[in-house]
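Asker: Take a look at this one; I'll ask things after.
The values are calculated or read from the model by the stated rules, or taken from the named source; none is laboratory data. Just so you know, these numbers come straight off a predicted model, no measurement behind them. Heads up, the Cβs are rebuilt from the backbone with ideal geometry, glycines too, and the neighbour counts pull from every protein chain shown.
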Amino acid sequence: MSLQSFSIRWLGLLFISVWLTACSDDAGPGAVDEVLGPVAFESGDECHVCGMIITELPGAKAQVRESRNANTHKFCSTQDMLSWWLQPENKNLQAEIYVHDVALTPWASPLDEHLIDARSAWYVIGSSLTGAMGPSLVSYSERDAAQALVDAKGGRVLSWEDLNLDILRELASAGHEHATEHGEHLRQQHGVVEPENSHHDSH
Ligand code: ZN
Ligand code: CU1
């Protein structure tokens with residue numbers, strides 16, 4: 001194939017893909033989109049909610065992939081995903097949501113090959129297992145595995161439909177102490193110094 005015909009083919013492909021992209025924006029509700037599938041968590045990826053480096057932290061992680069534009073939002077934890085997802089402007093997005101099945105992959109550093117559909121997963125709240133944000137919402141594909149954690153470390157099993165603002169509040173109040181400690185740790189780590197009170201310099 002000559003260079004010229006290669007260029008023409010290439011331009012043609014480019015044109016078609018631009019045209020397809022433009023078209024898919026117009027796809028209304030009910031359009032059957034192909035499944036995007038989960039993507040890998042890369043070192044350096046920051047949580048869309050709290051900004052923490054995701055792969056440096058233990059516990060089930062989460063990601064949301066928007067169907068309309070394949071935008072991916074990654075989260076340090078299932079609860080940060082939930083707190084983003086439950087916001088009015090997000091919760092009706094057409095999107096795929098993935099969480100780790102921690103029955104199959106180490107809690108300390110879960111593997112991407114064990115990401116599962118968040119909507120059909122089971123969750124444990126109130127166990128003593130802590131994750132990236134402290135008290136955790138632990139995700140499993142099998143209800144029995146979730147129940148096994150409850151038997152070993154307390155808490156209770158929830159389905160995706162059970163996850164709401166009350167659950168977030170429950171996690172937040174359990175995590176308040178942990179978050180304070182974590183903030184303290186970050187301040188020390190990044191050398192952020194509290195501004196001194198300048199009103200005390202006159203005697
Ligand atoms: Zn986070
Ligand atoms: Cu975090």
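Asker: Considering each residue of segment 57-74, count those that are touching a residue at least 40 places away in the same chain (Cβ under 8 Å), under 28 Å from ARG187 (Cα atoms) and more than 12 Å from ligand 2 (Cβ to nearest atom), and give that number.
Answerer: Residues meeting the conditions: 2.
Asker: State all residues of segment 63-89 that are in contact with a Pro (Cβ under 9 Å, 6 or more places away or on another chain) and near ligand 1 (Cβ under 9 Å from one of its atoms); if no residue qualifies, say none.
Answerer: The answer is GLN79, and nothing else.
Asker: Output the residues belonging to segment 46-62 that are in a loop (DSSP other than H, G, I, E, B), more than 8 Å from ligand 1 (Cβ to nearest atom) and either small (Gly, Ala, Ser) or under 11 Å from the mean Cα position of the chain (by Cα) (or both).
Answerer: Passing the criteria: GLY59, ALA60, LYS61.
Asker: Considering only segment 109-133, state which residues are within 16 Å of ligand 2 (Cβ to nearest atom) and over 18 Å from VAL157 (Cα atoms).
Answerer: SER109, PRO110, ALA132, MET133
Asker: Only residues that are crowded, with 20+ Cβ neighbours inside 10 Å and within 9 Å of TYR123 (Cα to Cα): list them for segment 138-156, please.
Answerer: VAL138, SER139, TYR140, ALA146, listed by residue number.
Asker: Is there a residue in segment 143-155 that is closer than 30 Å to ARG68 by Cβ and at pLDDT 95 or above?
Answerer: no
Asker: Okay, moving on. If you check LEU36 against the conditions, is it modelled with pLDDT of 95 or more, over 14 Å from the mean Cα position of the chain (by Cα) and over 25 Å from GLY154 (Cβ atoms)?
Answerer: In short, yes.
Okay, residues lined up against (1) crowded, with 18+ Cβ neighbours inside 10 Å; (2) within 16 Å of ligand 2 (Cβ to nearest atom); (3) at pLDDT 95 or above:
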residue	(1), (2), (3)
THR55	no, yes, yes
CYS76	yes, yes, yes
GLN79	yes, yes, yes
ASN90	no, no, yes
HIS100	yes, yes, yes
